[in-house]
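Okay, structure first, notes after.
Bear in mind that the values in this text are calculations on the coordinates, not laboratory data. All values reported here derive from a predicted model rather than from experimental measurement. Here the Cβ is made from the backbone with ideal geometry for all residues, glycine too, and neighbour counts use every protein chain on show.
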Amino acid sequence: MGFKEFCFKKSLWLFHFGGASCNNCDIEILDCLTPRYDVERFGMLLVGSIRHADVLLVNGSINQKDKKRLLEIYHQAPKPILVVAIGACGCTGGIFAEGNTFAGPVDKIIPVDAYIPGCPPKPEAILAGIVKLLNKKPEQHKSA
Amino acid sequence: MSKIIPIGPYHPLQEEPELFKLYCEGEIVKDVKWETGYNHRGIEKLSESKTFDQVFFLVERVCGICSTSHPFAFANCIEEIGEIEVPNRAKYIRTIIAELERIHSHLLWVGLAGHFLGYNTVFMWAWKYREPVLDLFEKISGNRNSYAMFKIGGVRRDIENDKIPEIKKILDLVKKKTDLLTGAVMDDPVIHARTKGVGILTKEDIIDFAAVGPTARASGIAIDVRKDDPYAAYPLINWKVITAEEGDVFAKAKVRLLEMYESVSIIEQCLDGLKKEPEGQTEIVVKNIPEGIGTGHAEAPRGEVFHFAKTNGSNYPVRHKIRAPSYVNIATFKKSCIGQTISDATISLAAVDPCYCCTERLASVYDFGSGHKILGGEELIRISQKQTDKLLKL
């Protein structure tokens, strides 16, 4: 077992970065924690600091002010880390891509391992996306 | 010498990015400042590049939680310009969606408030009981959060009459669960101890800050757009405005919890009204929007949403201005947080149910040289009048 495989073998801790979003994806991520979906049964936990996290969830379009903070958070993260772009805005910029403050979709700023499209994606879709990411071979992980 | 305690911008407590600076002496908060812009998307500018049909999808994404209130206010605004009268069936459907949204938003707030207090049981319960409401949304509109139900002159989808018994069944379930939650929250000694007498806003404070929605109603001011300037199906049905006198966090929670019962009753009356209207009459065809200026408002779960639009007879709005309730409600932090301990300040911040993605459309006015001076009231009024003059000349 390689080091990367070992890192992502057990409980994943998630850090949530909400960019310039409409709040829907944030709510759906929180929804994953609540009794109906309950990601904690997989050992996943939302943590308060990026320094404790294995997965960085990014949602919302990224504006000029968010951009440098996202980069800083990515640099602070302990490597290897998996980055997941959630929602249409996280994947492409969505409806806000033409906005005057838009600074590029997440993958133009930091490497992204998984995309979960939808506006907003259902909690089931978020869970499915993260499970797919975990089943990926570690050499296919981009950020790390 | 006060110490600055920052909350945010990416704080685990808040799911949206914003920065609060609490100026503290010892454990007492002496001043509070907040910084925003992390969530700015330029929606008003984007709106000018979209057709009237597309703007509805855009304003829905101003805020995910109040994703009916913004289209509702915009529809009221454009229908005022075009002097359009929507069919009764569409009015009922609009009201049903708006009230369902209020239930889910208030449940969401109760959960988050519990989370802020460190009482995660309330958080888990409230969010569990919120799920049936979202299921209902999925049944009606096909999506859990952004419903895309509104269009000029009516609604996009009908609620068929044979769906009504099923909706009523789910509503009964929601009501039962709300009973349980209300009982648990209102009788809990821990919640009493943490929220009673905390973050008090008096009637005068509410008038000074021009606060709206449940924040104002919890201080004894019965301000509600649904009653003051009725729109859609609200004048056709029986309901009352919920108020409380105390003005503390507990009163705000009480107002929200009791409002959910009103919402359930409004939806039930609307469903009965729906049965009397012929099926399928959900919209009237609107060919073009004339030139004009219109304003529209709607009561969001957090207070009054206000939309202004100017049209020039083309397919696009020339100017679109949005004012969300949190814009005025957030300013009350200056009153409610000061003098509290840090631990009570968080729940006082959360008590007005602030929504930052709604609010992110202000231009802050700072002096470039010193970086401190904010324009005074008179100057702001002058700038605002100048802007209106400019718009009128367009």
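A simple spin-label model places pseudo-atoms 7 Å from Cα toward Cβ; at B:ILE5 and B:LYS390 they are separated by 4.2 nm. Dipole magnitude for chain B: computed about the Cα centre from +1 point charges on Lys and Arg Cβ and -1 point charges on Asp and Glu Cβ, it is near 480 debye.
The overall shape of the stretch A:1-72, judged from the alpha-carbon gyration tensor, is oblate: a/c is not under 1.5, and a/b is no greater than b/c. Bridge orientation summary for the protein assembly as shown: considering DSSP beta bridges with both residues in this region, about 70 percent are antiparallel. Stretching B:ASN161 away from B:ALA222 to a fully extended chain increases their span by 18.5 nm, per 0.36 nm per residue minus the current alpha-carbon distance.
Of the residues B:ILE342, A:LEU133, A:ILE62, the one whose Cα sits farthest toward the positive end of the charge dipole of the protein assembly as shown, with +1 on the Cβ of Lys and Arg and -1 on the Cβ of Asp and Glu, is A:LEU133. Think of the stretch A:1-141 as having a plus end and a minus end, set by charges on the Cβ of Lys, Arg, Asp and Glu; of A:ILE81, A:GLY19, A:LEU33, A:ILE81 sits farthest toward the positive end of this dipole. Dividing the Cα radius of gyration of chain B by 2.2 N^0.38 Å, with N the residue count, gives 1.00. Over chain B, DSSP H runs of length four or greater, each weighted -39,500 (n - 2.57), average out per residue to a 222 nm ellipticity of -15000 deg cm²/dmol.
Spin-label model, B:GLU25/B:ALA331: points 7 Å from Cα along the beta carbon direction are separated by 2.6 nm. Starting from the Cα gyration tensor of the protein assembly as shown, take the square roots of the eigenvalues, sort them a ≥ b ≥ c, and report rounded, prolate or oblate (rounded when a/c is under 1.5, otherwise prolate if a/b is larger than b/c, else oblate). In terms of gyration-tensor shape, rounded. Between beta-carbons, use under 14 Å as the cut-off and find the net charge around B:PRO17, counting Lys and Arg +1, Asp and Glu -1. Surrounding charge for B:PRO17 is -3. Taking a ≥ b ≥ c as the square roots of the Cα gyration tensor eigenvalues, with a/c under 1.5 meaning rounded and otherwise prolate when a/b beats b/c, else oblate, which class fits the stretch B:64-208? It comes out oblate by the Cα gyration axes. Charge dipole (Cα centre; +1 on Lys/Arg Cβ, -1 on Asp/Glu Cβ; no other charges) of the stretch B:259-366 amounts to roughly 680 debye. Among B:GLU80, B:GLU160, B:GLU99, the largest mean-square fluctuation in a Gaussian network model of chain B (Cα springs under 10 Å) belongs to B:GLU160. For the stretch B:183-274, the set of trypsin sites (Lys or Arg not before Pro) satisfying both a DSSP loop assignment and a count of at most 14 other C-beta atoms within 10 Å is given as B:LYS196, B:LYS240. The modelled label-to-label distance for the pair B:LYS276/A:LYS132, using points 7 Å beyond Cα in the direction of Cβ, is 5.0 nm. For the protein assembly as shown, the dipole from Cβ point charges (+1 on Lys and Arg, -1 on Asp and Glu) about the Cα centre works out to 1160 debye, to the nearest 20. For chain A, averaging the sequence separation of C-alpha pairs within contact (under 8 Å, six or more residues apart) and dividing by the residue count gives a relative contact order of 26 percent. Pairs of lysine residues in the stretch B:1-124 that meet both criteria, 8 or more places apart or on different chains and Cα atoms under 15 Å apart, total 5.
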